[in-house]
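Worksheet for the structure shown next.
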Amino acid sequence: MMKNILLCAVFALFGAGCCCADKQLLGTWVQPVPGLSGQVQGVVLEEGGKASSVNMATLVYETWSKKGDTLTLTGKSIGNGQTIDFTSEMKIENVNGDELVLSSEGQTVRFTRQK
């Protein structure tokens with residue numbers, strides 16, 4: 001176990017990526033829906049890079065990846081009779097057992113892990 005943790009730290013230092021760090025991101029991450037008390041929206045990050053949306057019919061997440069401190073989500077934006085492919089890159093400011101904080105273009109977004 002200690003050997004795996006040390007290897008993970010070494011790989012992370014040299015930018016090779018590591019499954020250990022990415023596993024922190026796995027799960028369902030939600031935030032309150034503005035103006036709708038008691039409702040949440042967010043994203044599910046699964047092993048193998050699969051992503052899906054939580055309560056967002058017009059924003060359909062399909063895949064995710066992590067490189068360094070950047071989280072990339074891809075999917076489709078559906079609306080007004082058209083579907084547009086998108087890629088969204090956000091900086092991971094913090095991730096721990098219960099909180100995921102992302103930032104992009106001066107905006108900070110906080111998610112909590114749904115259990």
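Relative contact order for the stretch 21-81: 22 percent, from Cα pairs under 8 Å spaced at least 6 residues apart, divided by residue count. For the stretch 22-114, lysine pairs with C-alpha atoms less than 15 angstrom apart, excluding pairs fewer than eight positions apart on the same chain, total 7. Using every pair of separate Cα atoms, the Kirkwood estimate puts the hydrodynamic radius of the stretch 30-76 at 11.4 angstrom. Taking only the alpha carbons of the stretch 22-114, we obtain Rg and Dmax values of 12.9, 39 Å in that order.
Could you please report the charge total around K76, scoring K, R as +1 and D, E as -1 over all other residues with beta-carbon less than 14 angstrom from its beta-carbon? Neighbourhood net charge equals -2.
Charging the Cβ of each Asp and Glu at -1 and of each Lys and Arg at +1, and nothing else, the dipole of the stretch 31-101 about its Cα centre rounds to 180 debye. Taken one residue at a time, the phi angles of the stretch 72-79 give Karplus couplings (6.51, -1.76, 1.60, θ = phi - 60°) of 10, 10, 10, x, 10, 9, 10, x Hz. Gly and Pro are set to x.
Just so you know, all these numbers are worked out from the coordinates, no wet-lab data involved. Worth saying up front: this structure is predicted, and the values here are computed from it rather than measured. FYI the Cβ positions are ideal-geometry reconstructions off the backbone, even for glycines, and counts take in every protein chain you see.
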